[in-house]
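The values are calculated or read from the model by the stated rules, or taken from the named source; none is laboratory data. Everything quoted here is computed from the prediction, not taken from an experiment. Cβ coordinates were reconstructed from backbone atoms using ideal geometry, including for glycine residues, and neighbour counts include every protein chain displayed.
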Amino acid sequence: MDRQQEFVLRTIEERDVRFVRMWFTDVVGTLKSVALAPAEVEAAFAEGLGFDGSSIEGLSRVYESDMLLQPDPSTFQILPWRSGETPTSRMFCDILTPDGHPSAADTRGVLKRTLEKAGNMGFTCYTSPEIEFYLLKSKELDANGLPVPVDHESYFDHTPGGIVQDFRRQAVTMLEEVGISVEFSHHEAGPGQNEIDLRHADALQTADNVMTFRTIIKEVALTQGIYATFMPKPMTKQPGSGMHTHFSLFEGDTNTFFDAGGEYQLSRTARHFIAGVLKHAPEFALVTNQFINSYKRLWGGGEAPAYVSWGHNNRSALVRVPLYKPNKVQSARIEYRGIDSATNPYLSYAVVLGAGLKGIENEYELGPEVYEDLNLMSKAERRAMGYRALPSSLHDAILRAEDSEFMAEILGEQVFEQLLRNKRADWEAYRAEVTPYELQMNLGIL
């Protein structure tokens, strides 16, 4: 037994923890949980915890349903929203086959494989996400069939006594109690829309943090009698909610994205990385933007990116190179702006990182940056300048992903096929549905 496992067992005993929740994530990014009795934790470390994988979206087929959860002791935390009740903790788990090998269907495992590839190339990947979400009065709709935000404030507004300030204060405190460091929190542009930015960490830890973050945000909202949603575009005329994520690669303590003599202090490694991300972005949109509603965000205007492009401080670009801070070499990074805040973070980080590594391996050349707002250009102007569009719908994203060798390689056959199967079912159900829009526009005149 290693030291981390001993620490977990000792803490469980000292804190009188009564339930240990084993957390894992299905193929679409839904958090799953099973509560383990404290007396069973040591055995779970040694042997794993058996469960029926065929009942979880994308994990296994019926004829190979037996799976094992292997808890990761480094992720052990006491859950602060249960602090007034019976002490409860959680650990993230890896998913194994009965013979103890990593399951090809484990989305956390997909990211770990991609990080292992980066490690073999000499790189450690660090990420920091900016997570947007809406706070609503409830999940019920009003008489007009619309969600009701908790306020009508806008970007960076500070209203004394405002409900969202109390919410953010409590949420940030709770995040820090589980070891998640926060950089910023503020009101976003939409009514009831907020953003909380997490400090950089290695990509696996960040993905775990995102799953914990979404749970904490929803728990805090419930305690205040409101509802939090990470839906990409809950309101037609308001901004969508994204999860812009900053990426950087280090070799030891050296930031490989930095070059003092390069344009914007950007190294050739960083330029190849960006080129790889841009080349494969339309193929992996099915992962970063996996919902029908995702494409309302991407194509809904504002600062959401709809075209394959990069720019320096250009917020209409898909990849942005943030303003360089003099004398802060470690801060050199790129920002990918296409990810939804409702994404499966393990898969999204795997495909973005995997695409960047492809660019480095094959020395993809980075095209010219965009200076203008792409959304204000005409279609002919964008075509003349060679800017490709991201998929315009979930159906378009499915078609682009289906023939992608890159997606099959990064995700692995089982996750790739299960994701396609799930998303095709989504699209078929949506396509068959008669929507309120159709009834409103057509019923009275046709």
*Does Val41 satisfy the criteria of being under 20 Å from Thr212 (Cα atoms), touching a residue at least 12 places away in the same chain (Cβ under 8 Å) and either more than 28 Å from the chain's Cα centre (by Cα) or buried (at least 19 other Cβ atoms within 10 Å of the Cβ) (or both)?*
no
*Go through Pro368, Pro391 for me and flag whichever is crowded, with 20+ Cβ neighbours inside 10 Å and either in contact with a helix residue (DSSP H, G or I) (Cβ under 9 Å, 6 or more places away or on another chain) or in the same structural domain as Arg268 (by TED's automatic domain parsing) (or both).*
Pro391
*Do you know which of the residues in region 316-341 that are assigned to a loop (DSSP other than H, G, I, E, B) and under 21 Å from Phe284 (Cβ atoms) is modelled with the lowest pLDDT?*
Ser316
*Could you list, in sequence order, all residues of region 272-315 that are under 16 Å from the mean Cα position of the chain (by Cα), more than 20 Å from Glu402 (Cα to Cα) and assigned to a helix (DSSP H, G or I)?*
Arg297, Leu298
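Would you check if there is a residue in region 147-164 being part of a strand (DSSP E or B) and either crowded, with 20+ Cβ neighbours inside 10 Å or acidic (Asp, Glu) (or both)?
yes
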*asked:* Checking Thr107 against (1) at pLDDT below 95; (2) under 28 Å from Glu176 (Cα atoms); (3) β-branched (Val, Ile, Thr); (4) touching a helix residue (DSSP H, G or I) at 6+ places or on another chain (Cβ under 7 Å), only one condition comes out false. Which one?
replied: (1)
*In region 292-318, how many residues are hydrophobic (A, V, I, L, M, F, W, C) and in contact with an Asp or Glu (Cβ under 8 Å, 6 or more places away or on another chain)?*
3
*Within region 171-189, can one find any residue that is of a type in the set (S, T, N, Q), loosely packed, with under 15 Cβ neighbours inside 10 Å and under 24 Å from Gln77 (Cα atoms)?*
yes
_region 411-446, residues that are of a type in the set (A, V, I, L, M, F, W, C), out of contact with any Asp or Glu (no Cβ under 7 Å at 6 or more places or on another chain) and in a helix (DSSP H, G or I)_ = Leu411, Val415, Phe416, Leu419, Ala425, Trp427, Ala429, Ala432, Leu439, Met441
*asked:* Test of understanding: among Ser128, Ser89, which residue is assigned to a strand (DSSP E or B), not basic (Lys, Arg) and not assigned by TED's automatic domain parsing to the domain that holds Thr215?
replied: Ser89
